[in-house]
Amino acid sequence: MSSVAELPTPAEEPSRPGREPAVGKPPAKAPTAVEVGVGGRLRRAERDEQDGQPAERPYPGGIPDATVARLPVYLRALYTLADRGVSTVASDELATAAGVNSAKLRKDLSHLGSYGIRGVGYDVEYLVYQVSRALGLNQNWPVVIVGAGNLGHALANYGGFVSRGFRIAAMLDSDQSMVGHRVGSVTVRHVSELEEIVASSGIAIGVIAVPAAAAQAVCDRLVAAGVTSILNFAPVVLTVADGVDVRKVDLSIELQILAFHAQRRSAERFGQADPAAAGA
């Protein structure tokens with residue numbers, strides 16, 4: 001499974017209704033010139049240096065996968081700060097909100113060319129813009145959900161996708177009785193139309209919300225149709241070729257991990273031996 005973590009080409013971003021700052025366009029102090037090289041890596045970005053703002057300095061070697069995994073956490077913390085009307089934030093405050101140490105946060109953000117201002121911190125609005133652009137959220141990514149069961153319904157009805165740069169373009173299911181039902185903003189179509197829909201809607205991301213037994217076949221069809229980014233909710237490990245990125249979400253595993261910690265805390269509370277250590 002491959003993974004590419006480089007800055008994408010900046011493009012027009014979707015508006016974020018009801019939320020400020022808007023990610024759809026950079027604020028007044030945003031980069032004034034941008035060049036993008038092969039593979040989407042940012043080569044040069046200049047920023048208005050009025051009021052002592054530093055020029056944006058892009059990281060030349062791409063962004064490490066570990067940093068990419070933390071960027072959505074930073075973005076969530078930044079949205080919370082923006083909702084509270086906070087305009088600037090110190091690195092230690094943002095790190096605390098994101099649950100990381102400040103040194104790691106500063107290093108992560110340096111990969112985006114953002115270094116903050118000594119004694120002032122980071123401009124929240126501009127940092128939202130930078131992180132959103134790095135994650136590719138300046139585009140309106142069309143998504144197809146395969147599986148119109150309870151989980152598929154919940155995903156299609158989740159309003160947070162639109163404000164984060166994703167658009168549910170289609171929902172598919174093999175159950176003919178589900179076809180034609182309206183779910184969220186789309187009408188369920190039969191899975192036999194998968195290839196046609198991927199091509200006609202320019203699907204960028206496929207979401208698999210089908211039973212485990214059907215997941216690999218659905219994955220194979222998505223990949224064959226040209227989808228190289230897949231979010232898998234089925235409780236099975238999918239086999240894909242190099243060049244295809246798969247993210248797996250397994251709620252049962254997360255619950256089992258929580259059960260482990262709950263068991264350990266319970267044992268400590270009542271002075272019992274650690275069950276996990278006792279069974280070793």
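The values are calculated or read from the model by the stated rules, or taken from the named source; none is laboratory data. Everything quoted here is computed from the prediction, not taken from an experiment. Heads up, the Cβs are rebuilt from the backbone with ideal geometry, glycines too, and the neighbour counts pull from every protein chain shown.
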Quiz prompt | Sole residue being in the same structural domain as residue 194 (by TED's automatic domain parsing), in a helix (DSSP H, G or I) and more than 12 Å from the chain's Cα centre (by Cα), chosen from 127, 151 | solution = 151
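When only residues in segment 187-205 that are part of a strand (DSSP E or B) and touching a residue at least 40 places away in the same chain (Cβ under 8 Å) count, which is surrounded by the most Cβ atoms within 10 Å (Cβ to Cβ)? Reasoning before the result, please.
Narrowing segment 187-205 to residues part of a strand (DSSP E or B): 187-190, 205.
Now drop any that are not touching a residue at least 40 places away in the same chain (Cβ under 8 Å), which leaves 188, 205.
Numbers: 188: 22, 205: 20.
Taking the candidates together, the pick is 188.
Look through 147, 116, 85, 99 and report the one residue that is surrounded by 18 or more Cβ atoms within 10 Å (Cβ to Cβ), more than 30 Å from residue 201 (Cα to Cα) and not hydrophobic (A, V, I, L, M, F, W, C). Full working, then the answer.
Details: 147 fails: more than 30 Å from residue 201 (Cα to Cα); 85 fails: surrounded by 18 or more Cβ atoms within 10 Å (Cβ to Cβ); 99 fails: surrounded by 18 or more Cβ atoms within 10 Å (Cβ to Cβ).
After applying the criteria, what remains is 116.
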Practice problem: Mind counting the residues in segment 77-99 that are assigned to a loop (DSSP other than H, G, I, E, B), without any contact (Cβ under 8 Å) to a residue 24 or more places away in the chain and small (Gly, Ala, Ser)? | Solution: 1
Quiz item: Can residue 189 be described as touching an Asp or Glu at 6+ places or on another chain (Cβ under 9 Å), of a type outside the set (A, V, I, L, M, F, W, C) and at pLDDT 95 or above?
Solution: yes
Practice problem: Show the residue pairs that are 6+ apart or on different chains and have beta-carbon atoms under 9 Å apart, the first residue being within segment 107-127 and closer than 11 Å to residue 78 by Cβ, the second being of a type in the set (A, V, I, L, M, F, W, C) and assigned to a loop (DSSP other than H, G, I, E, B). | Solution: 122/90; 124/86; 125/22; 126/30; 127/112
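Take the residues of segment 153-165 that are farther than 23 Å from residue 131 by Cβ and small (Gly, Ala, Ser): which is surrounded by the most Cβ atoms within 10 Å (Cβ to Cβ)?
Within segment 153-165, the first condition is being farther than 23 Å from residue 131 by Cβ, and the residues that meet it are 153-157.
Retained after the next criterion (residues that are small (Gly, Ala, Ser)): 154, 156.
On the way: 154: 12, 156: 22.
Only one residue tops the list, namely 156.
Determine whether segment 199-219 contains at least one residue that is touching a His at 6+ places or on another chain (Cβ under 6 Å) and either more than 17 Å from residue 247 (Cα to Cα) or modelled with pLDDT under 95 (or both). Walk me through how you get there before you give the answer.
Filtering segment 199-219 down to residues touching a His at 6+ places or on another chain (Cβ under 6 Å) leaves none.
No; the residues of segment 199-219 include none that is touching a His at 6+ places or on another chain (Cβ under 6 Å) and either more than 17 Å from residue 247 (Cα to Cα) or modelled with pLDDT under 95 (or both).
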Quiz item: Any idea which of (1) surrounded by 11 or more Cβ atoms within 10 Å (Cβ to Cβ); (2) in contact (Cβ under 8 Å) with a residue 24 or more places away in the chain; (3) of a type outside the set (A, V, I, L, M, F, W, C) is the one residue 248 doesn't satisfy?
Solution: (2)
Quiz item: Within the bounds of segment 233-241, is there any residue that is touching a residue at least 12 places away in the same chain (Cβ under 8 Å) and surrounded by fewer than 12 Cβ atoms within 10 Å (Cβ to Cβ)?
Solution: yes
Self-check item: Flag for residue 228 being hydroxyl-bearing (Ser, Thr, Tyr) and in contact with a strand residue (DSSP E or B) (Cβ under 8 Å, 6 or more places away or on another chain)
Solution: yes
Quiz prompt | Sole residue being assigned to a helix (DSSP H, G or I) and aromatic (Phe, Trp, Tyr), chosen from 115, 74 | solution = 74
Exercise. Taking residue 109 as the residue in question, decide whether it is more than 23 Å from residue 219 (Cα to Cα), buried (at least 22 other Cβ atoms within 10 Å of the Cβ) and in contact with a Ser or Thr (Cβ under 9 Å, 6 or more places away or on another chain).
Key: yes
Self-check item: From the options 267, 273, residue that is loosely packed, with under 11 Cβ neighbours inside 10 Å and modelled with pLDDT under 95
Solution: 273
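For segment 223-230, does any single residue satisfy the condition of being in a loop (DSSP other than H, G, I, E, B) and on the phi < 0 side of the Ramachandran plot?
Yes: segment 223-230 contains one or more residues that are in a loop (DSSP other than H, G, I, E, B) and on the phi < 0 side of the Ramachandran plot.
What residue, among those in segment 130-148 that are part of a helix (DSSP H, G or I) and among the polar types (S, T, N, Q), is nearest to residue 209 (Cα to Cα)?
At the first step, the residues of segment 130-148 found to be part of a helix (DSSP H, G or I) are 130-134.
Filter once more, keeping what is among the polar types (S, T, N, Q): 130, 132.
Values: 130: 31, 132: 26 Å.
Out of the qualifying residues, it is 132.
Checking the condition in contact (Cβ under 8 Å) with a residue 60 or more places away in the chain, within 24 Å of the chain's Cα centre (by Cα) and either crowded, with 16+ Cβ neighbours inside 10 Å or closer than 30 Å to residue 98 by Cβ (or both), which residue from 208, 168 passes? It would help to see each step written out before you state the result.
Details: 168 fails: in contact (Cβ under 8 Å) with a residue 60 or more places away in the chain.
Only one candidate passes the filter, namely 208.
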